[in-house]
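The values are calculated or read from the model by the stated rules, or taken from the named source; none is laboratory data. As the structure is a computational prediction, the values presented were derived from the model and not from experiment. No Cβ is skipped: glycine too gets one built from the backbone with ideal geometry, and neighbour counts run over all protein chains shown.
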Amino acid sequence: MRIHTQIRSEVVELLEQQISDVEHYYNGRPTFIDIDEEQKAIAVFLDEAYCHGITNCDEQWQAQLNIAIYIKSIDNGESELDEIAQQIAEVMQTTQSG
């Protein structure tokens, strides 16, 4: 659905603006990541999307927004993963409260 693409695009754009140390972003679930080339990547995708028919002319969609972090784990992989996850959480919390 076009609205799903728009939602993912807006989240990707927001993350790109706020998280400077990740170079690769995906609008949707990536089918393959070359971790040697893209050592840090974030993918935004939706799962479990379903429609609630409110009336014959109106409907409401609900889905689970997922943000996946891909990093090449070397020495401090867990710490780096935690740092990126924290940055994402702060961006999303700021967006919700603002």
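With the checklist (1) of a type in the set (A, V, I, L, M, F, W, C); (2) in contact with a helix residue (DSSP H, G or I) (Cβ under 8 Å, 6 or more places away or on another chain); (3) loosely packed, with under 14 Cβ neighbours inside 10 Å; (4) closer than 15 Å to GLN87 by Cα in hand, flag the one item TRP61 doesn't pass.
With respect to (1) of a type in the set (A, V, I, L, M, F, W, C); (2) in contact with a helix residue (DSSP H, G or I) (Cβ under 8 Å, 6 or more places away or on another chain); (3) loosely packed, with under 14 Cβ neighbours inside 10 Å; (4) closer than 15 Å to GLN87 by Cα, TRP61 is out only on (4).
Quick check on my filter: what residues within the range 1-45 are buried (at least 18 other Cβ atoms within 10 Å of the Cβ), in contact with a Ser or Thr (Cβ under 9 Å, 6 or more places away or on another chain) and not β-branched (Val, Ile, Thr)?
Correct list: ASN27 only.
Say we look at the range 14-69 and pick out the residues that are of a type in the set (Val, Ile, Thr) and part of a loop (DSSP other than H, G, I, E, B); which of these is modelled with the lowest pLDDT?
THR55
Find the residue count for the range 70-95, including only residues that are exposed (fewer than 11 other Cβ atoms within 10 Å of the Cβ), assigned to a loop (DSSP other than H, G, I, E, B) and of a type in the set (D, E, K, R).
1
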